[in-house]
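Remarks on the structure that follows.
The values are calculated or read from the model by the stated rules, or taken from the named source; none is laboratory data. Fair warning: this is a prediction, and the values are worked out from it, not measured in the lab. All Cβ positions, glycine included, derive from the backbone under ideal geometry; neighbour counts span all protein chains shown. For accessibility, only protein heavy atoms count, side chains too; no ligands or nucleic acids. Shrake-Rupley method; radii C 1.70, N 1.55, O 1.52, S 1.80 Å.
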Amino acid sequence: MHLAPTDEQQAVQQEARRFLAAELSRERRLVWDQLPAGHDPEFWQAVGRVGWFGYGLPETFGGQGASLTDLGLLVEECGRAVAPFGVFASLAGGLALNALGSPAQKRTWLPAIARGEALVALGV
């Protein structure tokens with residue numbers, strides 16, 4: 001069994017690392033802590049534009065259909081950069097809806113989640 005990331009997976013990791021290094025700074029994170037929403041809408045939109053919210057969602061709903069391994073590598077980079085928790089919450093919420101939602105819920109919500117237009121979280 002080959003467990004090392006593929007060339008494609010490594011490229012995704014490198015691009016994620018570059019994106020996060022450009023978008024996240026200590027100063028920017030400190031400002032976010034003071035915002036009522038707890039996140040920066042510009043950063044949220046930037047993450048939506050690169051397609052991360054839909055990365056693990058099916059292509060039929062506007063996602064990229066990445067595997068859980070691929071998604072795990074992306075999440076690893078987010079953790080390395082201390083990305084806002086909302087990114088993780090949206091990924092988890094989208095995956096949960098994809099696994100457990102009705103067909104109507106999926107049609108309604110998954111495309112908006114994939115585009116970063118719907119703020120979601122997994123509630124337990």
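Worth pointing out:
- 4 °C / 1.567 mPa s Stokes-Einstein diffusion coefficient of segment 33-94, Kirkwood radius on C-alpha pairs, µm²/s: 106 µm²/s
- Pairs of alpha carbons in segment 51-124 whose separation is greater than 22 Å (percent): 13 percent
- Taking Trp32, Trp52, Trp109 as the candidate residues, the one with maximal mean-square fluctuation in a Gaussian network model of the chain, Cα springs under 10 Å, is Trp32.
- Lys/Arg +1, Asp/Glu -1 at C-beta; segment 65-124 dipole; positive extreme among Ser102, Val120, Cys78: Ser102
- Most to least accessible of Asp33, Asp70 (protein chains only, probe 1.4 Å): Asp33, Asp70
- The relative contact order of segment 22-124, computed from alpha carbon pairs under 8 Å that lie at least 6 residues apart in sequence, is 31 percent.
- Restricting the calculation to Cα atoms, the chain shows an Rg/Rh of 0.97 when the hydrodynamic-style radius is the Kirkwood one.
- Estimated distance in nm for a label pair at Thr6 and Arg49, the labels positioned 7 Å out from Cα along Cα-to-Cβ: 2.8 nm
- Label point of Gln34 set 7 angstrom out along Cα-Cβ; within segment 73-91, no amide nitrogen lies under 17 Å from it.
- Extended-chain gain in nm, criterion 0.36 nm per residue less alpha-carbon gap, Ala96 and Val124: 9.0 nm
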